Every structure is written in structure tokens, then in C-alpha cells.
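One structure is given below, encoded as C-alpha cells.
The values are calculated or read from the model by the stated rules, or taken from the named source; none is laboratory data. Computed from a predicted structure; not experimentally measured. Heads up, the Cβs are rebuilt from the backbone with ideal geometry, glycines too, and the neighbour counts pull from every protein chain shown.
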Amino acid sequence: MANSDARAIGSLVADVVAIAVVHKAGGKASAAETSIAETTMFKLQGAANEASATVGEGSGAVHGTKVHTEFGKLASEVEGVSTEVSYKDGQVVPYGTKGSVRADAVEGNLETPTNIYDLKTGGAKLTPANVNKYNQHVPSAPTITEIKPK
Amino acid sequence: MKNIAVERVVKRYLQAFIINDDFIFSNNLLYKSPLEDILAGFCFEKSGLNKDGVYVWCFVQPLYLKSEHIILSYGKRLKGTRGELWLLKNNTNLEETIEELIPLMKDAIDVFLNNVDTPSKFYNYYQDKLVNLRMAEAVTYSAIYSKNKDSKLILENYINILENENIEVDWVKNLLDVAKGLKLIIGNDEAIQNLFQKNIIETKQTIGL
């Protein structure tokens, strides 16, 4: 599938926002926060779709890594989003720090992130254990959202 | 990106920081020397997804906060025209990339590092940026270590904040326990300095500095 086709699909994913798995550690987002988050989520869903289309069909860990790599490139172009951020015990730490959790994409200030986006490929899903680990290590109780390429 | 590849780039292109600014390069860190109580410099953080790329952080780490790892919370990623990921290997435009990176690093030294590289400067810079518990922790410790006249009050406020948090989270409970321990010795300068010097030595050893 060409990138332009993927982008077209990406532009049709507004409905995905409604069905994405969202976990909020505490409190409710304001209407303004929700609107901004949905815009970012919309763009990141498009990035996931485009990444998947660029890599092509496949399965397994290698395929998943390729999709994550493409997603990382595209997601880093989204305003207000940082990719590949590791947290441990409420602090930002370098990749590979023992016991840390690595978020695929983070929205907002890294010290007070509003949303964490976890890209899942193939049959992988955001599990309660994943959510617990984010809640344990990431400060400011952000919303944890699963992004799945369509 | 392997450490050796980062080291090659630093040696070839970033020597000026080592020669002119007294920085040291070790373990993907380019930091100010002599290293005393605050680690101040740049971390070339590997990407997990792009073997040729790194994220370049300008950061400080108060070493009197006991830690078993590098902390990047007190700093920021340098962002170029192509985003936060810097391709320092297999990049046909490497020289252009470096030409973009160096001024950002110099600017980060002037605007940020030089303003937070001592405990009292750290306190002054971050005292009104208490966005989360870790920031409150670092600011409180910096006030105490730099013998701020309001240390006792700052510590009490910090403990109050912690007591309203969820102490079922292990690290939050640990922050509270340590803070309560500090409260017991807050008037004893020698005990405070001994504790913080011990933290500095142990943190340096643990993170290999």
C-alpha cells in the first residue's frame, strides 16, 4: 500500500478514537484536555496506520519492531509528542534503565505528561499489568491509551 | 547506537566542549568537570528503535539525591529541525546534523546548565516549578544542602505534600520515610552534610562516575 493510501486511511480514523482503549489513573479530563488529546490521538492513530502500511503485512517480534520504528518516526513529527521516553519511580531515565517502563509516545511535558500512548501490533493488547507499570512509574497520572494499527 | 559509535562522534566533532569547557566524556555522558555535587551535561540516550540514532539530553542531576541510575528529569531533549532523534551513524549528512546540534548544545549550556549547576542555583531555578513529587524532592534537598535559611519550612511543606499522596506506591513511601528521617537531623549541619556527602559518593559509584 502506498503512503498516500495509508494517509487517506489515517484520515478516516476518527471513529477509532472512540474505540481505543483508554485508562485514566485518576480524575477526569476537562473538555479542552479531551479535545486536544483526541486530536493527538487521531494523529497518532494515523501514524500507526501509516507505519503498518509502510512495513506491510507480517507477524512476530521483528515485524512488530519494524512497525514501532516507523511509528516512532511519524509520531515524533506530531506537535507536543515525544517518542521513546523511559520512566522509573516518577523520574525520566535513559533507555534500558533497570526496572523502567518505556512509553512509545508521550504527550505533554515529560514531567507532567497528560497522555501515554502504547503501540500494540499483531495480537498484543494493553494489559492491566502494562497499565499498572505505567501508573507505578510515570508521574502525574496520565491517561494510558492503546494504539493499534488498522 | 553503540557507545563506541557515540564516542567516535564526540571525539571527532565535539572536542571543543572537552577542551574549551572542561567537559569529560564517559558512558555516553558529556559532563562538566570537576564533578562535585551536581552532574551537569549531556546524555546521548540510545534509541530502542533506530540503531543509528540518539536523543541528546541537556540535564543536571543533583548527586546528593541518592540514586542508582542516571536521572533525566531535570533537563530536556534537544530538538532539531528533524525532531528529537539525532542520527549520528549511517547519516550521509552527518556534518550538517552536527552543525545543527552544536549551537543547540552551546545555547543549552548558557541558558540552562550554567543556571542550575550548583545546589543554590538549582533551588532558585526550580523552586517555582514544583510540577511533581520528584521536583519537590530535588528542590527540598537542594535547599537543605545549600543551607537555605528556610530549609526547615521547605522540608515541612514537602512532607505535607507527601503525606497527601498515595503512599501505597513504593517509591512515594520511600520519599516520605527519607524526608521524615531528614526532619530528625535538620538542625544538625554536620549530620546533614555527612548524609549528603555519603549520597554523593554512593551515587557517583553506582552510576559509574
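Looking only at helices (runs of 4 or more DSSP H) that fall completely inside region B:118-209, which ones have 3 or more residues that are more than 20 Å from the chain's Cα centre (by Cα)?
Numbers: elements: B:119-126, B:133-145, B:151-163, B:170-185, B:189-206.
In region B:118-209, B:151-163, B:170-185, B:189-206 are the helices (runs of 4 or more DSSP H) which contain 3 or more residues that are more than 20 Å from the chain's Cα centre (by Cα).
State which residue is nearest to the other protein chains (Cβ to nearest Cβ) when the search covers only region A:106-122 and only residues that are among the β-branched types (Val, Ile, Thr) and assigned to a strand (DSSP E or B). So that I can check it myself, show each step before the final result.
Within region A:106-122, the first condition is being among the β-branched types (Val, Ile, Thr), and the residues that meet it are A:106, A:112, A:114, A:116, A:121.
Adding the requirement that they be assigned to a strand (DSSP E or B) leaves A:106, A:116.
Details: A:Val106: 11, A:Ile116: 15 Å.
Among residues in region A:106-122 that are among the β-branched types (Val, Ile, Thr) and assigned to a strand (DSSP E or B), the one nearest to the other protein chains (Cβ to nearest Cβ) is A:Val106.
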Log entry, pairs with first residue in region B:78-99 being in contact (Cβ under 8 Å) with a residue 12 or more places away in the chain, second being among the aromatic types (Phe, Trp, Tyr) and assigned to a loop (DSSP other than H, G, I, E, B), beta carbons closer than 8 Å, six or more apart or on different chains, reads none
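Each row is one residue, and each column tells you yes or no for (1) closer than 30 Å to B:Asn174 by Cβ; (2) at pLDDT 95 or above; (3) in contact with a helix residue (DSSP H, G or I) (Cβ under 8 Å, 6 or more places away or on another chain); (4) within 12 Å of chain A (Cβ to nearest Cβ).
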site: B:Asn20; (1), (2), (3), (4): no, no, no, no
site: B:Asn27; (1), (2), (3), (4): yes, no, yes, yes
site: B:Leu39; (1), (2), (3), (4): yes, yes, no, no
site: B:Leu49; (1), (2), (3), (4): no, no, yes, yes
All conditions in (1) within 14 Å of another protein chain (Cβ to nearest Cβ); (2) assigned to a loop (DSSP other than H, G, I, E, B); (3) not β-branched (Val, Ile, Thr) are true of B:Glu45 except (2)
Practice item. Evaluate the following for A:Lys125: is it surrounded by 17 or more Cβ atoms within 10 Å (Cβ to Cβ), over 23 Å from B:Leu175 (Cβ atoms) and either away from chain B (no Cβ under 14 Å) or in contact with a Pro (Cβ under 7 Å, 6 or more places away or on another chain) (or both)? Key: no
Taking the conditions exactly as written (surrounded by fewer than 22 Cβ atoms within 10 Å (Cβ to Cβ) and not hydrophobic (A, V, I, L, M, F, W, C)), does A:Gly72 satisfy them or not?
no
